[in-house]
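Just below is one structure, and these are the notes that go with it.
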């Protein structure tokens, strides 16, 4: 199935889908281009990289893997142009992973031209969704020590270094970090997988708001954290009443577009927005939005509601349609 994601106004369309046999040549071409961009600077000669590409990235090799289903590939496009791909494969993890129930993210290749477009995030979403369906508990990968951009990206997605290894390639010593992340943070909502990932920076939160209002933010990332980030964004620039009107309108519109027309809860939305409004002055101290969102995610989890409401009241049909007063204790903010 093809997955399409539209960024905010003026941003390029992002698309991903599983690879087919016909994509063997595309995988071969992309691999060669990305690999050369990543590793050529480590050598004085072009020959080591050229030899590696010839041996490992042939069309025939990719075709054989696609025929035998020994690996899972997904391709990514930006504005209709192929930008990268991912590869998941079952392999024996190194001892430092400490878990046999793990799958390897063997490749996440993105052409340098498309860095910063969001296609890497879309492909990582696909990778974690696929991994969760395989029933494993961890994803692991190896990344070159000098690839600081990739390391930062993986850390943002919840990976942490658990070991390292060195090898000699054509007289040059390379050191790779082994990184892992648990799949326990990949929660399932109904038949859909939810990926709860911290935002990298304030620009990503702004993009979230734009794509949420355009009904193009991935439903897999429409989490409690994302709800809080949008609410915070609104409450910092609008009156509480205007923020509520705008949030209600766009949640209902977004949910309908994502096939969840009955997902909106008026009481829950009002509760969290009132909490944000009550702490409004605390948010004007110059801190990044990302820092505030992380604090709110910790302090105002969904369980926080149960200080004021019983579960049967807060999730009732009546609470979803209109504001209900608390039945455990009155509001204290």
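If I filter segment 305-322 down to residues being in contact (Cβ under 8 Å) with a residue 12 or more places away in the chain and assigned to a helix (DSSP H, G or I), which single residue comes out as nearest to residue 196 (Cα to Cα)? First the steps, then the outcome.
We begin by selecting, within segment 305-322, every residue in contact (Cβ under 8 Å) with a residue 12 or more places away in the chain; these are 305-310, 313-315, 319-322.
With assigned to a helix (DSSP H, G or I) added as a condition, the list becomes 305-307, 313-314, 319-321.
Values: 305: 19, 306: 21, 307: 24, 313: 26, 314: 23, 319: 25, 320: 23, 321: 27 Å.
My answer is 305.
Looking for whichever is in the same structural domain as residue 65 (by TED's automatic domain parsing) and either without any contact (Cβ under 8 Å) to a residue 24 or more places away in the chain or in a helix (DSSP H, G or I) (or both) here; the options are 150, 106. Which one fits? I'd like the intermediate steps shown before the answer.
Details: 106 fails: either without any contact (Cβ under 8 Å) to a residue 24 or more places away in the chain or in a helix (DSSP H, G or I) (or both).
When all the criteria are applied, what remains is 150.
Quick check on segment 257-285: of everything there that is surrounded by 14 or more Cβ atoms within 10 Å (Cβ to Cβ) and not in a helix (DSSP H, G or I), which residue is nearest to the chain's Cα centre (by Cα)?
Looking at residues that are surrounded by 14 or more Cβ atoms within 10 Å (Cβ to Cβ) and not in a helix (DSSP H, G or I), I get 258.
Hey, among 64, 79, which residue is touching a helix residue (DSSP H, G or I) at 6+ places or on another chain (Cβ under 9 Å), over 15 Å from residue 31 (Cα atoms) and surrounded by fewer than 19 Cβ atoms within 10 Å (Cβ to Cβ)?
Details: 79 fails: touching a helix residue (DSSP H, G or I) at 6+ places or on another chain (Cβ under 9 Å).
When all the criteria are applied, what remains is 64.
Kindly check whether there is at least one residue in segment 323-331 that is assigned by TED's automatic domain parsing to the domain that holds residue 212, in a loop (DSSP other than H, G, I, E, B), out of contact with any helix residue (DSSP H, G or I) (no Cβ under 7 Å at 6 or more places or on another chain) and surrounded by 11 or more Cβ atoms within 10 Å (Cβ to Cβ).
The answer is no, given that none of the residues of segment 323-331 is assigned by TED's automatic domain parsing to the domain that holds residue 212, in a loop (DSSP other than H, G, I, E, B), out of contact with any helix residue (DSSP H, G or I) (no Cβ under 7 Å at 6 or more places or on another chain) and surrounded by 11 or more Cβ atoms within 10 Å (Cβ to Cβ).
Just the residues that are more than 29 Å from residue 166 (Cα to Cα) and under 16 Å from the mean Cα position of the chain (by Cα), please, taken from segment 134-145. Don't jump to the end; show me each part of the working.
Within segment 134-145, the first condition is being more than 29 Å from residue 166 (Cα to Cα), and the residues that meet it are 134-135.
Within segment 134-145, none qualify.
Kindly provide the set of residues from segment 199-256 that are more than 12 Å from residue 289 (Cβ to Cβ), assigned to a loop (DSSP other than H, G, I, E, B) and in contact (Cβ under 8 Å) with a residue 24 or more places away in the chain, ordered by number.
214, 215, 216, 217, 218, 222, 223
The values are calculated or read from the model by the stated rules, or taken from the named source; none is laboratory data. A quick note: this is a predicted structure, and the numbers were derived from the prediction, not measured. We place every Cβ from the backbone using ideal geometry, glycine too, and count neighbours over all the protein chains shown.
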